[in-house]
Amino acid sequence: MSRYSTYWTGWACTLVIASASLLPGTASAVPAFARQTGQNCVACHAGGQFPDLTPYGRIFKLTGYTIGERTLPLSMMGVLTANKVKVNDSTQGHTQDGNLTFNTASVFIAGKVTDNIGGFAQITYNNYDTLNPATSRWTGHSGADNMDFRYADRYIDDKQDMIFGLSLNNNPTVQDVWMSAPAWGPATAPGSTGAGGGALPKLADGLGQQVAGLGAYVYWNQTVYAELTGYKTGDGIFSFMTQGVNRDHGPQTYLKGTNPYWRLALTHAWGPHNGMLGVSGMNVKIYPDSTDPTGPTDRYRDLSFDAQYQYLLDPHTVTAQASYIHEKQNLVANFAAVNPSDTMDALRAKMSYVYQAKYGATLSYFDVHGSTNNNPNTDTRGWTPEIFWMPLQYVRVGLQYTLFDKVNGLSSNTDGAGRSAKDDNTLFFYVWGAY
């Protein structure tokens, strides 16, 4: 919708120019929004820590990123990282060497277009996009990342407060305002180990920057949230949402028809506390051969339960998040499958504490496992403690250590050659900056 406005046309031109000089992986704190609202990061982000949103930050997003005045809608983010695995595996290349490297960066076009239209578009450069097996050298590449364009309005009187709107986006749940949703959390810094790189349910992985979705939502009395969105293949007029993503990673993922995503949430705030209980789901039909989008499809049905709690009272900030996704798979098109019906489950949780919006710590837990056709590397379980410091408003320095209880479905002999799950334990240092 916003692409038809004169102002958005100007944005698009700016984006084309800016993408030539990309300066991290997930869209979260966008300084252009801070300049637009005139607010410090702590107004929108819990303890100033992206991507966790405060109640004000959630209202800002739900009202279409339109609070405040129009400003230059340009921001940049960049990440320096260093990974060190307990027992080095040379097949993992750069992530194992312990050297500080430039990892990834993004440019954002983000902000208010009109009083009812706003959004953000993110283009990301990955410095370690593709490994050439012949030369063992990595090459970088840029492409479309998270995008969310909105039309929104708000009706308030003495008895009710209703926010309603439309969202056009390219990653299921990127439009969500609670950081327990799969696209956002429980989140880790770009380039970190996360859940170990194994397979995840479709709602949590595999559709981002492959699809385009248009949906409607309503938030009533800051208590009940409901949304319904339909996703289709991100091609044709929506190809700008998937541009550059599949250059070295296979053909475009093709969905059959419109694939529904829905979301319900109950929220409540009392004093410095606020909480949310939510449920969501998605049905997906994917052609197994992306070069031939005809015939039967693999079908996935995901059901997710999530929750979030926040305590916000200066100088203390506490945020706790949890999500559980159960996926049923019907692989009728995969004739090589041992069993055409499968399941996959993903449990992820995180708790964080921030003091004075500068010093903080988090503890994350992940447990992903699947049944017959999901090969053993689906089964991964572990913990990630982290400490971080924000010396400046737009700079975060952090140190994580991911401890694996299970890798490739096993605690020991995970590679058939005596390697244990603990050998994959990873120390991760990052410097995450934005402007």
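Work out from phi, with θ = phi - 60° and the Karplus expression 6.51 cos²θ - 1.76 cosθ + 1.60, the ³J(HN,Hα) of each residue of segment 394-408, listed in order in whole Hz, and give x for Gly and Pro.
3J(HN,Hα) across segment 394-408, in whole Hz: 10, 10, 10, 10, x, 9, 10, 9, 8, 10, 9, 8, 8, 9, 6.
At 1.4 Å probe radius, can you tell me the per residue accessible area of segment 229-286 in Å²?
48 Å²
Would you be so kind as to identify which of 303, 287, 344 lies farthest towards the positive end of the dipole of segment 267-359, taking Lys and Arg as +1 and Asp and Glu as -1 on Cβ and the Cα centre as origin?
Of 303, 287, 344, it is 303.
Using the beta-carbon distance between residue 160 and residue 130 and R0 = 45 Å, what value does 1/(1 + (r/R0)^6) give for FRET efficiency, to the nearest 0.05?
E(calc), rounded to 0.05, equals 0.30.
State in Å² the accessible area per residue of segment 43-150; use a 1.4 Å probe, count heavy atoms of protein chains only, and round to the nearest integer.
Accessible area per residue: 37 Å².
Which of the listed residues, 363, 325, 353, is farthest toward the dipole's positive end in segment 279-369, when Lys, Arg count +1 and Asp, Glu count -1 at the beta-carbon?
Working it through, the farthest residue towards the positive pole turns out to be 353.
Largest first, how would 117, 163 line up by accessible area (1.4 Å probe)?
Per-residue accessible area, sorted high to low, gives 117, 163.
Of the peptides 209-217, 175-183, 383-391, how do they stack up when ordered by the mean number of other Cβ atoms within 10 Å, highest first?
Ranked by mean Cβ neighbours within 10 Å, highest first: 175-183, 209-217, 383-391.
Would you please put 131-141, 56-66 in order of how densely packed they are, using the mean number of other Cβ atoms within 10 angstrom per residue and starting with the highest?
Put in order of decreasing packing, that is 56-66, 131-141.
Hey, could you get me the Stokes-Einstein D for segment 96-235, Kirkwood radius over alpha-carbon pairs, 10 °C and 1.306 mPa s, rounded to whole µm² s⁻¹?
91 µm²/s
With an 8 Å cut-off on Cα pairs and a minimum separation of 6 or more residues, tell me the relative contact order of segment 227-282 in percent.
Answer for segment 227-282 is 36 percent.
If packing is taken as the average count of other Cβ atoms within 10 Å, what order do 310-320, 291-301, 40-50 fall into, highest mean first?
40-50, 310-320, 291-301
Take the Cβ-Cβ distance between residue 330 and residue 240 as r, set R0 to 35 Å, and report the resulting FRET efficiency rounded to the nearest 0.05.
0.65
Show me, for segment 202-215, the HN-Hα J-couplings you get by feeding each phi into the Karplus relation (A = 6.51, B = -1.76, C = 1.60, θ = phi - 60°), rounded to Hz, glycine and proline as x.
Here the 3J(HN,Hα) series is 4, 5, 9, 6, x, 10, x, 6, 10, 10, 10, x, 10, x Hz.
Can you list which of the trypsin sites (Lys or Arg not before Pro) found in segment 205-266 are DSSP loop residues with at most 14 other C-beta atoms within 10 Å?
Hits after loop and neighbour filter: 247.
Calculate what fraction, in whole %, of the accessible area of segment 239-315 sits on carbon and sulfur atoms when a 1.4 Å probe is rolled over the protein chains.
Carbon and sulfur together cover 59 percent of it.
Here are some pairs, 112/202; 202/232; 328/406; 202/328; which of them have Cα atoms lying more than 21 Å apart in this structure?
Pairs exceeding the cut-off: 112/202; 328/406.
Can you pull a Stokes-Einstein diffusion coefficient for segment 110-171 at 25 °C (0.890 mPa s), Rh from Kirkwood over Cα pairs, as a whole number of µm²/s?
165 µm²/s
If you average 1/r over every pair of different alpha-carbon atoms in segment 195-326 and take one over that average, what Kirkwood value in Å do you get?
17.0 Å
Would you please give the FRET efficiency between residue 71 and residue 397, computed as 1/(1 + (r/R0)^6) with r the Cβ-Cβ distance and R0 = 30 Å, to the nearest 0.05?
The value I calculate is 0.65.
The values are calculated or read from the model by the stated rules, or taken from the named source; none is laboratory data. No experiment lies behind these values; they were computed from the predicted model shown. Cβ sites come from the backbone with ideal geometry, for glycine too, and all protein chains shown count toward neighbours. Side chains included, ligands, DNA and RNA excluded: accessible areas come from the protein's heavy atoms. Shrake-Rupley method; radii C 1.70, N 1.55, O 1.52, S 1.80 Å.
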